[in-house]
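Below you'll find the structure, written out as structure tokens, and then a few comments.
The values are calculated or read from the model by the stated rules, or taken from the named source; none is laboratory data. As the structure is a computational prediction, the values presented were derived from the model and not from experiment. So basically every Cβ, Gly included, is an ideal-geometry build from the backbone, and we count neighbours across all protein chains shown. Each accessible area value is taken on the protein alone, full model and side chains, heavy atoms only, with ligands, DNA and RNA left out. Shrake-Rupley method; radii C 1.70, N 1.55, O 1.52, S 1.80 Å.
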Amino acid sequence: MSAKERILAEIRATGPIPFERFMELALYDRSGFFGGDHLRSEKGGDFLTSPEVSSLFGKTLAAFVEREMERIGEPFQLLEVGAGSGSLLTPLLETVDVDAWAIEISPAARSKLTGLLPGDRILSELPEQVRGVILANELLDNLPMAMAQLIGGGWRERWVGAEEGTLHFVDADPRPEILEWLEGYGGQVPEGGWVEVQLAAHTWLNDALSTLDAGSIVIIDYGDTAENLVPRRSDGTLRTYRAHHLGPHPLDEPGATDITADVNFSALIATAEAAGASVELHRQDDFLAELGLRDRLSQLRHAELEAAQSGDEMERLRLRSLKIEAETLLHPRGLGDFRVLVARV
Ligand SMILES: C[S@@+](CC[C@H](N)C(=O)[O-])C[C@H]1O[C@@H](n2cnc3c(N)ncnc32)[C@H](O)[C@@H]1O
């Protein structure tokens, strides 16, 4: 059964479903976008993440892991949640000697990760206790979220219903927990504006913090504070990706597209602070620069020049491609504009 057939069957059985349930089925059901045999996060896949762009991402984050190892000492574990193809862990583990685990729910990603880690280091959920660093790159933007729209000055939820096999948004009374989240983090939304209500991200961070005895959680994703997201609220930030490009409307081809939205970092900061963590929010370019990526970039520029002067064309091309990758990670209007939340306990 395709993801769409599965969604239609559920709507036939129960009536319209909340958007987060639609997103869960569209992304994580057996025939969902992450549920099948396709590995989505790789160069030939549907989207290109920082670790897929460059091994320098994992190598640079290794410096953060080393600092945390110095800060909290042994025992120390590194966990990556939503580890995808292992493109972050691979260069990181070449750079720093640390006990590592991957948490993944996609069968295709789990299978790929067996080339990197022993089977008992590939988990489907966080263990009960962690001491070290928990990394999540482009995970929270994919967690199921509810959809709300401001109509006549009041909030309405947008659920998913069906008519003659076509999915469409259905008006619904907002649930109390949705209203509470909107009041805290919806921001100044214009009439008709859309907000993605990210309660699953809140639950994920709470759970991760409650497992962490000492160390830090690093969340890297697109998004911004509630205030800075206001200019994007007229249409909202919900969107799809397919084959590296923006895809069709999220209701049009469930299972065949990546459904995602900007992460509301104000809500995550509040969650982390309420759990007693100390919190920092950075831009990705600043975060990576502070960990040494800009220095590495100038070394690459010098080395490329030297290779050109010595006539070593192969080496010049290798260094040039590394340099371009580093620049991509730091691009102020691209990956450099991602946010990095560090929550320490
Ligand atoms: C956009 S991909 C990012 C992959 C990788 N972090 C990267 O940057 O290339 C999101 C990944 O998170 C995984 N994922 C989603 N929800 C998850 C959960 N609750 N626990 C573990 N993995 C999850 C998906 O299967 C998918 O592989």
Cβ pairs under 6 Å, 6+ apart or interchain, first in segment 211-228 and over 17 Å from residue 194 (Cβ atoms), second β-branched (Val, Ile, Thr) and not in a strand (DSSP E or B), ordered by first then second residue, are 212/345; 214/72; 215/72
Filtering segment 85-107 for residues that are out of contact with any Asp or Glu (no Cβ under 7 Å at 6 or more places or on another chain), under 18 Å from residue 56 (Cα atoms) and of a type in the set (S, T, N, Q) leaves a count of 2
Condition set in contact (Cβ under 8 Å) with a residue 60 or more places away in the chain and in contact with a strand residue (DSSP E or B) (Cβ under 6 Å, 6 or more places away or on another chain), scope segment 156-167, selection surrounded by the fewest Cβ atoms within 10 Å (Cβ to Cβ): answer is 161
- For residue 110, indicate whether it is closer than 25 Å to residue 202 by Cα, surrounded by fewer than 20 Cβ atoms within 10 Å (Cβ to Cβ) and more than 12 Å from the ligand (Cβ to nearest atom). no
(1) open to solvent by 20 Å² or more (accessible area, probe 1.4 Å); (2) without any contact (Cβ under 8 Å) to a residue 24 or more places away in the chain all hold for residue 100 apart from (1)
The residue that is nearest to the ligand (Cβ to nearest atom), considering only those in segment 30-58 that are surrounded by fewer than 22 Cβ atoms within 10 Å (Cβ to Cβ) and either in a helix (DSSP H, G or I) or modelled with pLDDT of 95 or more (or both), is 52
Fill in: Check on residue 285, more than 22 Å from residue 147 (Cβ to Cβ), touching a Gly at 6+ places or on another chain (Cβ under 8 Å) and open to solvent by less than 60 Å² (accessible area, probe 1.4 Å)
yes
| Any residue at all in segment 63-78 that is surrounded by fewer than 18 Cβ atoms within 10 Å (Cβ to Cβ) and within 14 Å of the ligand (Cβ to nearest atom)? | no
Those residues of segment 223-235 which are crowded, with 18+ Cβ neighbours inside 10 Å and either of a type in the set (A, V, I, L, M, F, W, C) or within 18 Å of the chain's Cα centre (by Cα) (or both) amount to 223, 224, 226, 229
(1) in the same structural domain as residue 63 (by TED's automatic domain parsing); (2) more than 24 Å from the chain's Cα centre (by Cα) all hold for residue 263 apart from (2)
Open item on the list: Condition check: touching a helix residue (DSSP H, G or I) at 6+ places or on another chain (Cβ under 7 Å) and free of Cβ contacts under 8 Å to residues at least 40 places away in the same chain. Does residue 183 satisfy that?
Closed with: no
In the set 95, 14, 90, the lone residue that is more than 16 Å from the ligand (Cβ to nearest atom), hydroxyl-bearing (Ser, Thr, Tyr), open to solvent by 30 Å² or more (accessible area, probe 1.4 Å) and in contact (Cβ under 8 Å) with a residue 12 or more places away in the chain is 95
A careful count of residues in segment 123-151 that are within 16 Å of the ligand (Cβ to nearest atom) and either among the aromatic types (Phe, Trp, Tyr) or buried (at least 19 other Cβ atoms within 10 Å of the Cβ) (or both) gives 14
**Asked** In this structure, does residue 246 turn out to be surrounded by fewer than 22 Cβ atoms within 10 Å (Cβ to Cβ) and modelled with pLDDT under 95?
**Response** yes
Quick check, is residue 84 in a loop (DSSP other than H, G, I, E, B) and within 11 Å of the ligand (Cβ to nearest atom)?
yes
Matching residues in segment 324-342 (crowded, with 20+ Cβ neighbours inside 10 Å and closer than 10 Å to residue 54 by Cα) number 2
Given the conditions (1) surrounded by 13 or more Cβ atoms within 10 Å (Cβ to Cβ); (2) under 16 Å from the mean Cα position of the chain (by Cα), every one holds for residue 175 apart from (2)
* So is residue 24 within 15 Å of the ligand (Cβ to nearest atom), within 27 Å of residue 211 (Cβ to Cβ) and not assigned by TED's automatic domain parsing to the domain that holds residue 245 or not? -> yes
